[in-house]
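What follows is a single structure, written as structure tokens, with notes after it.
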Amino acid sequence: MVLLALATVCAGTFFGAAIYINFVEHPARMSCGRELAVREFGPSYARASVMQATLAILGCLIGLIAAWSLRDLTTAISAALLGLVVPFTLIVIFPTNKQLLAPSLDAASESAGALLARWNRLHAVRSVLSIVLSRLALSNKRLKLAARVD
């Protein structure tokens, strides 16, 4: 049960961070102007990627172990969805990240603004996915029963 709770904490924290980025950090970044938004993106991305990748990988692994030990398909699906965030990021979002971090990018250009807007839309996919997996994880009957017993 502890593993299930830890996996749920990872999923919930990932969800909170993803939503925060889309609804708070990125709009604040953009409100400072395109050039500053591009410059701020690099350090923000470096910190957030470490935190979110760690949460996704740990949550997936712990969730899969919990699913196996509990023989629970819902937990396995939730863990797999959390794990899918990593390849989605590497395959779909990373090319945009790479362009935003390129030294040759003119931070004041229209293309920089378009890249930032595209990045936010792609990141929103991660946020929506994390909403779904958090809902699946939190709907787990065993976790609810454990909370009532304790």
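Counting only protein heavy atoms, what percent of the accessible surface of the chain is carbon or sulfur at a 1.4 Å probe?
Looking at the chain in its full context, I get 71 percent from C and S.
Does anything in segment 1-26 have its amide N under 16 Å from the 7 Å Cα→Cβ label point of Ala124, and if so which residues?
18-26
Please check: in the Gaussian network model of the chain (C-alpha springs, under 10 Å), which one of Leu82, Leu116, Leu90 has the largest mean-square fluctuation.
Of Leu82, Leu116, Leu90, the Gaussian network model singles out Leu90 as fluctuating most.
Using a probe radius of 1.4 Å on heavy atoms only, what accessible surface per residue do you get for segment 3-88? Whole Å² is fine.
51 Å²
If each of Leu6 and Lys98 carries a label point 7 Å out from its Cα toward its Cβ, how far apart are those two points in nm?
3.4 nm
Calculated from the structure, Rg/Rh (Cα atoms, Kirkwood Rh) equals which of (1) 1.07; (2) 0.94; (3) 0.98?
The calculated read-out lines up with (1).
Only helical DSSP H runs with n ≥ 4 go in: add -39500 (n - 2.57) per run for the chain, normalise by residue count and round the 222 nm mean residue ellipticity to 500 deg cm²/dmol.
-28000 deg cm²/dmol
Could you derive backbone 3J(HN,Hα) for segment 102-117 from the dihedral phi with the Karplus parameters 6.51, -1.76 and 1.60 (θ = phi - 60°), listing whole Hz in sequence and x where the residue is Gly or Pro?
Values per residue, Gly and Pro as x: 5, x, 7, 5, 7, 4, 8, 7, 4, 5, 5, x, 5, 5, 5, 5 Hz.
If a paramagnetic tag sat 7 Å from the Cα of Ile65 along the Cα-Cβ line, which residues of segment 1-37 would have the backbone N under 17 Å from that point?
Answer for segment 1-37: 1-11.
How many angstrom separate the Cα center of segment 66-125 from the Cα center of segment 22-60?
So the separation of the two Cα centres works out to 11 Å.
Given a 10 angstrom Cα cut-off, can you work out which residue in Ala124, Ala79, Ala18 is the most mobile in a GNM of the chain?
Ala124
How much length is gained on full extension from Ser31 to Ser109, taking 0.36 nm per residue of separation minus their Cα-Cα distance?
26.5 nm
The values are calculated or read from the model by the stated rules, or taken from the named source; none is laboratory data. Remember, it's a predicted structure, so these values are computed and weren't measured experimentally. No Cβ is skipped: glycine too gets one built from the backbone with ideal geometry, and neighbour counts run over all protein chains shown. Calculation scope for accessible area: heavy atoms of the full protein, side chains included, ligands and nucleic acids excluded. Shrake-Rupley method; radii C 1.70, N 1.55, O 1.52, S 1.80 Å.
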